[in-house]
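Written below as structure tokens is the structure these notes are about.
Just so it is clear, none of the values below were taken in a lab; they were calculated from the coordinates. Every value quoted in this text rests on a predicted model; they were computed, and no experiment measured them. Every residue, glycine as well, gets a Cβ built from its backbone with ideal geometry; the counts of neighbours run over all protein chains shown.
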Amino acid sequence: MNIDASSFIKQIQSSELKLIANKIFAGDRISPEQALTLYNSGSLSYLGVLADYIRTIKHKDVVYFNKNFHIEPTNLCIYSCSFCSYSRLIKQRQEGWEYSHDQIMDIVRSYDHKDVTEVHIVGGVLPQYDLEFYIKLFKSIKKHRPGLHLKALTPVEYHYIFKKAKLNYEQGMKLILESGVDSLPGGGAEIFNEDIRKEIAGGKCSSEEWLKIHEIWHSLGKKSNATILYGHIETYEDRVDHMNKLRTLQDKTGGFQTFIPLKFRNKDNQMSHIPESSIINDLKNYAVSRIFLDNFDHIKAYWPMLGRNNALASLNFGVDDLDGTIDDTTKIYSMAGSEEQVPSLTTEQFVDMIRSAQKKPVERNSTYEIIRNYENYQFSTSNSSGYYSLPVNQS
Ligand code: V47
Ligand code: SF4
């Protein structure tokens with residue numbers, strides 16, 4: 001967006017909001033107190049202008065996406081996070097699944113002739129899914145398809161499996177690196193306010209432990225993502241505190257690639273009585289994230305959860321990356337009430353959707369290198385899925 005900064009600033013009534021806008025246009029960092037002011041007093045249009053200004057400087061009109069698939073080894077879990085639509089299933093084991101090593105490899109093989117570039121593995125925590133299980137699995141996946149980026153497990157699982165294996169985090173993360181994991185997804189962060197974390201996600205790793213595991217991973221030269229679960233019982237102060245902890249760690253390591261705000265969905269979990277945040281508040285939240293996290297390159301919207309139209313709207317509020325492109329049947333969201341019951345689109349449909357928002361679709365790999373620019377790409381009937389064969393080892 002081309003914005004005339006001085007006429008925009010002239011229209012702002014509040015001196016605090018004027019000061020913040022001046023800082024943004026000067027390329028300066030805002031303080032946590034100012035982020036709180038944005039949540040409390042920033043209008044949707046004000047926040048949209050500033051977030052889009054930053055987004056445009058960083059990425060112009062580009063919208064990134066990648067072709068990945070998700071595997072959830074199990075939907076049973078020893079924890080009972082009250083926002084999670086899985087957790088009750090431990091008491092109803094017959095409704096759950098527990099995939100073996102071979103079943104997971106069958107899923108990996110089912111993508112052999114599809115041009116996916118990443119597999120995202122995350123699920124519930126159960127004793128049999130221990131360090132030995134995962135190391136064997138990761139090695140098998142890498143042996144079968146060396147070029148597939150392996151984004152796997154969160155500090156919630158790592159904390160649990162390292163403790164069980166009597167390893168410290170440094171020892172454990174080195175083994176994980178050696179087994180072939182390329183990056184960590186952003187899950188398990190929930191909310192870093194320890195009291196609220198205990199209340200809604202009791203028993204799993206603390207926020208300090210979550211941050212420590214990412215810090216160690218970054219010190220090994222590797223990248224990861226970060227999320228926030230928002231729109232439940234947390235306050236705006238908690239959201240700012242969460243992002244401030246991430247911004248501080250990012251200053252130290254530079255290892256985070258993407259921030260992914262996850263809107264709490266209330267279907268079929270222990271927090272179903274809490275109303276979901278409105279789309280207006282979701283867009284404001286994306287915008288504040290974009291403005292505050294000046295050292296994060298990317299803000300991602302997970303569209304199967306948000307819905308297509310809302311995800312498109314988010315592109316004008318700081319978001320530059322849309323996750324969940326093809327054949328994404330992640331259960332954790334459909335069970336929690338996501339907008340998209342069958343969240344799967346062909347590449348052509350997905351690209352058209354991004355073009356309809358006057359943005360430029362760019363397929364990226366997991367480290368944001370460009371695979372294909374779809375701005376002027378013509379699909380023919382033979383390539384509408386975008387599939388082409390990638391090498392796999394048939395062992
Ligand atoms: O940590 C669970 C969230 C997360 C609900 O790194 C819920 O690229 C909303 O982190 N309502 C896991 N959210 C998923 C995740 C993720 C997703 C997409 C991309 C990436 C990435 C990471 O899902 C959990 C939790 O915060 N979650 N239940 C719910 N009811
Ligand atoms: Fe288990 Fe994760 Fe669900 Fe918590 S959010 S109950 S750790 S699957």
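Can you tell me the length gained on complete extension of the stretch residue 297 to residue 33, counting 0.36 nm per residue apart and subtracting the Cα distance?
Working: separation 264, 0.36 × 264 = 95.04 nm, distance 2.21 nm.
Separation in residues times 0.36 nm, less the Cα-Cα distance, equals 92.8 nm.
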Charge dipole (debye, nearest 20) of the stretch 201-257; +1 at Cβ of Lys and Arg, -1 at Cβ of Asp and Glu
300
For residue 62, enumerate residues with amide H under 5 Å from its amide H, sequence gap 5+ or separate chain, H modeled in the peptide plane.
360
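State whether the stretch 1-84 is rounded, prolate or oblate according to the following rule on the C-alpha gyration tensor (a ≥ b ≥ c being the square roots of its eigenvalues): a/c under 1.5 gives rounded; otherwise a/b larger than b/c gives prolate, and the remaining case gives oblate.
Oblate is the answer for the stretch 1-84, as a/c is 1.5 or above yet b/c matches or exceeds a/b.
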Largest fluctuation, 37, 154, 347 only, Gaussian network model of the chain with Cα springs under 10 angstrom, belongs to 37
Residue among 120, 314, 135 farthest towards the positive dipole end of the chain, charges placed on Cβ:
135
Just tell me which lysines come within less than 23 Å, Cα to Cα, of residue 142; anything on the same chain fewer than 8 places away is out.
67, 114, 151, 174, 222, 223
Within a Gaussian network of the chain (alpha carbon springs, distance under 10 Å), most fluctuating of 220, 229, 246:
220
Taking only DSSP H segments of four or more residues, each worth -39500 (n - 2.57), what value at 222 nm results for the chain once the sum is divided by all its residues, to the nearest 500 deg cm²/dmol?
-12500 deg cm²/dmol
Based on the alpha-carbon gyration tensor of the stretch 136-187 and its eigenvalue square roots a ≥ b ≥ c, which shape applies: rounded if a/c is under 1.5, prolate if not and a/b is larger than b/c, or oblate?
prolate
The farthest towards the positive end of the charge dipole of the chain, of the residues 81, 191, 249, given +1 on Cβ of Lys and Arg and -1 on Cβ of Asp and Glu, is 249
Among 236, 226, 7 - extreme Cα towards positive end, dipole of the chain, charges at beta-carbon
226
Ordered by residue, what ³J(HN,Hα) values in Hz, to whole numbers, does the stretch 202-216 give under the Karplus form 6.51 cos²θ - 1.76 cosθ + 1.60, where θ = phi - 60° and Gly and Pro are x?
x, x, 8, 3, 6, 5, 4, 5, 4, 5, 4, 5, 5, 4, 5
Rank these for me by crowding, 351, 49, going from fewest to most other beta carbons within 10 Å.
49, 351
Looking only at 186, 221, 124, which one moves most when the chain is put into a Gaussian network model with springs between Cα atoms under 10 Å?
221
Between residue 371 and residues 5 or more places away or on another chain, the pairs with built amide H atoms under 5 Å apart involve 363, 364, 365
Once you place label points 7 Å from the Cα toward the Cβ at residue 13 and residue 45, how far apart are they in nm?
1.3
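With charges only on Cβ, +1 for K and R and -1 for D and E, what is the dipole size of the chain about its Cα centre, in debye, rounded to 20?
That gives a dipole near 400 debye.
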